[in-house]
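Here the structure comes first, spelled out in structure tokens, and everything after it is commentary.
Each value in this text was obtained by applying a stated rule to the coordinates, not by laboratory testing. Keep in mind it's a predicted model, so treat the numbers as computed, not measured. Neighbour counts run over all protein chains shown; Cβ positions are idealised from the backbone, glycine included.
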Amino acid sequence: EGVLQKGTEIGVSRFVPVISQRTVISDRERVTANKLPRWERIITEAAEQSRRGRVPVLDDPISFAQAVADAAQSDRALIPWEQEISRSFRSNLSGSGAAAVALIIGPEGGFSDEEIELAGQYGVIPVTLGPRILRAETAAIAAAMLVLYELEIG
């Protein structure tokens, strides 16, 4: 929920809950019925508080496979991964001319090797967030800020 609030405040335009192999809550119906209305409220309130002209979109939860397929349609698609050591946000965004950047943020425990391989097959680029292992909530905001900063959006 903190990601939705802070992401809205900094300028994220769309949130798509992704169900991956290590996602703690994998019951899509339960998430949709119980969480989505609350998440919508959090996003709306954060948009009002931060004086945003547009309220970010909140999509229904999707599978990881669908997420990478959808992300591949963006100008640039990045997936922060704790095992990536050389590819940075800056090297993948500077001068790219990207207007729409998709970020796929991992759950607690990160992504599996198979998920990273699948992401690569769709052209989603693994990038590093530095030498530390971050909580999912921290990684999401750090990654979004890096994108917004590098592309001078917001």
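At-a-glance table
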read-out: Isotropically averaged projected area of segment 1-126, using the convex hull of Cα atoms (one quarter of hull area), nm²; value: 8.0 nm²
read-out: 5 angstrom amide H check on S63, placed H, neighbours 5+ away; value: I19
read-out: Whole-Hz couplings from phi, Karplus 6.51/-1.76/1.60, listed for segment 47-59; x for Gly and Pro; value: 5, 5, 4, 8, 6, 7, x, 10, 8, x, 7, 10, 8
read-out: Net +/- balance of residues flanking P107 in space, Cβ distance below 13 Å, scoring K and R +1, D and E -1; value: -2
read-out: Relative contact order, percent, segment 67-113 [alpha-carbon distance under 8 Å, six or more residues apart]; value: 55 percent
read-out: Dipole magnitude of segment 2-151 about its Cα centre (Cβ charges: Lys, Arg +1; Asp, Glu -1), debye to nearest 20; value: 500 debye
read-out: Residue (of A98, G2, I125) at the positive-pole extreme of the chain, dipole from beta-carbon charges; value: G2
read-out: Surrounding net charge for G120, when Lys and Arg each add one and Asp and Glu each subtract one, Cβ distance under 13 Å; value: -4
read-out: Amide hydrogen neighbours beyond the local backbone of A77, cut-off 5 Å, H modeled; value: A102, I125
